[in-house]
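A short worksheet on the structure shown next.
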């Protein structure tokens, strides 16, 4: 009979805030009946409108793992000042990346859900798969209820964050605890904390860099850009920084890179009121541009994003790439990282538009988008040799990503072939 190795019981840093959290067994036990798998991520607005984005942000920013101050004060500040400005600015960004099928994140996760379900069906494994979000729809509560109704007798939760953090992985743990309590789930629950050094994951990231055309021989540099987190979380025991370093080192080793050809940075700081994990991506791009050798290229990869989202589909081509190109041309660049929550977003948008008008080449951007689209479909188009900046797309709904997920989930679903 197939067996699944359960994860250790909730560690102190991952213990959900909900009183009814479900403990996890620490023994190797048989897998009777059907297994329910939940692949979870942060979420996305239902539509690229101010109203939908406001609803999503209010749910996201009121998460106890996210809010930076006492909840009553934060609620007042959020609903009187921040949401009005951020909702409008974020809705404009979402409109630029929205597809005919909906949110890019939703489309990718629906494809991964179908792909994993087909994978297990082909192997004759009794596994039900659901994609769910911490904020927005489909919700964790909905996913757990559907798996219970489907007759599952074991729940396996995989947060799609290769490197765990309080603000992401622990938020999923909180949501799962609430969901199992609401559904009156009485069966075992396995929670996969992270897979930052999983060999299949490391090989997949390294392969994506190779397929993008990276060549150390011609002087190319590789920048690993991860989402930043508050330093207070690290001081409280969050091991996110260690895991980002371990992932980068493993990928660089898989590629056989010299230590001088790659570096790490952190992007998407939310506010200036707290100290955040650094070095930040924007000043790092300026530094690398000024030190770049002639005809060399910079490859940027974001290993902690499972699928491309606003932080990659918008921020990279609209904000990060123009900064690098401007610095490469010897221009003075304002490389300040993300503005504070109370900064005038209208002024920021005007600065961004002016910067894009001066430094962005439309034809080059189109070629980059086509290359990213080809990668998502599994076809790899060679990036032009004259491109100084190359973004390496996330694994998205590729076959390589399905192999990664299958390998991570294998011990929990009795998949001996993964």
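What to note about this one:
- Each residue, residue 85 and residue 184, gets one label point 7 Å from its Cα in the Cβ direction; the gap between the two is 4.8 nm.
- Highest to lowest packing among 299-306, 235-242, scored as the average C-beta count within 10 Å: 299-306, 235-242
- Stokes-Einstein D for the stretch 50-97, Kirkwood Rh over Cα pairs, 4 °C, 1.567 mPa s (µm²/s): 118 µm²/s
- Peptides 261-268, 120-127 ranked from most to least packed by the mean count of surrounding Cβ atoms within 10 Å: 261-268, 120-127.
- Label positions at residue 66 and residue 96, each projected 7 Å from the Cα along the C-beta direction, are separated by 2.1 nm.
- The ellipsoid equivalent to the alpha-carbon distribution of the stretch 130-211 has semi-axes of 27, 14, 12 angstrom, derived from the gyration tensor eigenvalues as √(5λ) and listed largest first.
- Annotation: peptides 84-91, 252-259, ranked by per-residue average of other Cβ atoms within 10 Å with the highest first, follow the order 84-91, 252-259.
- Computed Rg/Rh of the stretch 123-271, alpha carbon atoms with Kirkwood Rh: 1.05
- Listing 172, 81, 200 from fewest to most neighbouring C-beta atoms within 10 Å gives 81, 200, 172.
- P(r) tail fraction, the stretch 196-333 - alpha-carbon pairs more than 21 Å apart, %: 44 percent
- Legend: calculated FRET efficiency, residue 73 to residue 51, from the Cβ-Cβ distance at R0 = 25 Å, rounded to 0.05, equals 0.50.
- Using a Förster distance of 25 Å, the FRET efficiency for residue 142-residue 198 (Cβ separation, nearest 0.05): 0.35
- Using a simple spin-label model with pseudo-atoms 7 Å out from Cα toward Cβ, residue 210 and residue 242 lie 3.1 nm apart.
- For the stretch 191-340, the antiparallel share of DSSP beta bridges with both residues in that region comes to about 10%.
- Sorted by Cβ neighbour density within 10 Å, fewest at the top, the residues 82, 205: 82, 205
Each value in this text was obtained by applying a stated rule to the coordinates, not by laboratory testing. Keep in mind that this is a model prediction, so the values were computed, not measured. Positions of Cβ are generated from backbone atoms using ideal geometry, with glycine treated the same way; all protein chains shown enter the neighbour counts.
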